[in-house]
Amino acid sequence: MARREQEAAEARIGLLGTLATAGIAAVAHEHEAGKQNLALASIASQLRSGAITGEAAAHEIDKWLERARATRRMFSHLLDEQTRDSTGRFLARVVAEDAATQVLPFARGIHISTTKVPEEMRLAFGGYAEWIALLQNVFLNAINATLDSPTRRIDVDAGSDSTGTWLRVQDTGSGVDLATAPTLFLPFERRQAISAERAALGLGGSGLGLTIVQMLASDLRANVAFEQPDPDYSTAFVVRW
């Protein structure tokens, strides 16, 4: 009985984490939807005035439809029941690539590379939706920190050492003070002030992303922390199990 209750409690924690991540993503989605509505209104106005042809308007609408489909993919791991309930030891690179693809509409041209994750390496046992939610939060955090940087890179690598297996996300953003980094996992603690331009993107800034990451990692029996980055990077976020 106690074991069943513990398993039920862990399942609820994982679900809460994934739903909380979806809520954060929904704010960014709302900003994106607002832009799409304005664009469609502009296309309609130009069509009425004869400023553009029907073919040109159709081309513009096709572009916005693709953006809408890409944005919806952010929630794909929750919309499909089989994916949402899937558990196992998933291939790390595949899950990282899935998460990177899902946040692509909010990346503003920042490429997230996963090529340094060994193809056969597997994540700790857990839910696919939980791992996706964890990485979405980490990627959005890295994107947010990197948007204003002259060099904008986010790279994912992974490996094993004497402490176990790890997956690391490094970026060239604004950096983190490692001495105070643990406080960033507390609710409503922010990595840095968010500029008006980034706030207009609806990208993060709630102060809850890292709290959710830690909650999900705990449910997955993993540890998360900021560590010393490699040269040419300013931040390294590591998941260990």
Computed over segment 81-155: relative contact order in percent, which uses C-alpha pairs under 8 Å that are six or more apart:
46
Length gained when the stretch THR180-THR87 is fully extended (0.36 nm per residue, less Cα-Cα span)
30.0 nm
Approximate spin-label separation ALA58-THR163, in nm, with each point projected 7 Å along Cα-to-Cβ:
5.8
Segment 103-142: translational diffusion in µm²/s, Stokes-Einstein, Kirkwood Rh over Cα pairs, 4 °C, 1.567 mPa s
110
Extension reserve of the THR115-SER45 stretch, reckoned as 0.36 nm per residue once the Cα distance is removed:
20.7 nm
Given a Förster distance of 22 Å, the FRET efficiency implied by the Cβ-Cβ spacing of ASP148 and LEU38, rounded to the nearest 0.05, works out to 0.35
Highest mean first, what order results for 125-135, 210-220, 52-62 on Cβ atoms within 10 Å?
125-135, 210-220, 52-62
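Each reported figure results from applying straightforward, stated rules to the coordinates on display, with no laboratory input. Since the structure is predicted, the reported quantities are computational estimates derived from the model, not experimental observations. Virtual Cβ from ideal backbone geometry, glycine too; neighbours counted across all protein chains shown.
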